[in-house]
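Each remark here refers to the structure printed beneath this line.
The values are calculated or read from the model by the stated rules, or taken from the named source; none is laboratory data. If you're wondering where the values come from, they're calculated on a predicted model, not measured in any experiment. Glycine also receives a Cβ, built like all others from the backbone with ideal geometry; neighbour counts cover every protein chain displayed. Side chains are part of the model used for accessible areas, which takes the heavy atoms of the whole protein and leaves out ligands, DNA and RNA. Shrake-Rupley method; radii C 1.70, N 1.55, O 1.52, S 1.80 Å.
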Amino acid sequence: MSTDDSFAAAYREHYWAVSRFVARRLDAGEAHEVEEVVADVFSIAWRRRSELPEVPLPWLYAVARNCLANTVRGLGRRRRLLHRIGLNESAHGNQVVDSPDTERPGSWVHEALARLSPADQEALRLTTWEELGVDELAVALECSPGAAAMRLHRARRRLRAEIDRMQMNVRAGRAGAESRD
């Protein structure tokens, strides 16, 4: 199979997986931002099509992580610039406050995940959301399989500790409320 054919097959097979990967990491990013990052990923893959591995998805995730880092930095610079020149939402009366009942089911998991380091979050997301095995995780994180397994183990342990800490705070809050009644 030629390198062009390999790229075309990777594009057809993995476009939506890469799109979902990017969309989940841009939080409430707009569709055009997701599309731009995915376009960057596949343009890099096209330029480096002779280097595409036999199983390209983990490699594409590694490229996407780098493209996302560039995009997030750019969005931060844009946000700071808009704030500096006074074009933020609150200056125009467009500030929106969520109602107390807008909490999403399972939000406690996202809260616990958010308390972890970005590296721990990414290891957990790649294995859970993207369903990568340890060898594929190593490719996506650009490290050895042993290092990937250790990162994943430590990330899981820290997530468990955060969940336990959150549960202890909830129990302590309930016990305090009951003693006041």
What pairs come out if I take residues in the range 51-62 that are in the same structural domain as ARG12 (by TED's automatic domain parsing) and pair them with residues that are among the charged types (D, E, K, R) and open to solvent by less than 50 Å² (accessible area, probe 1.4 Å) whose C-beta lies under 7 Å away, six or more apart or interchain?
TYR61/GLU130
How many residues, within the range 14-57, are closer than 17 Å to ARG125 by Cα and among the aromatic types (Phe, Trp, Tyr)?
2
Conditions (1) assigned to a helix (DSSP H, G or I); (2) free of Cβ contacts under 8 Å to residues at least 12 places away in the same chain; number of the one not met by VAL22
(2)
Given the condition acidic (Asp, Glu), in a helix (DSSP H, G or I) and buried (at least 17 other Cβ atoms within 10 Å of the Cβ), answer yes or no: does some residue in the range 47-66 qualify?
no
What pairs can you find where one residue is in the range 127-152 and closer than 17 Å to VAL22 by Cα and at pLDDT 90 or above, the other is outside any loop (DSSP other than H, G, I, E, B) and polar (S, T, N, Q), and their Cβ atoms are less than 7 Å apart, with a gap of 6+ or different chains?
LEU137/THR127
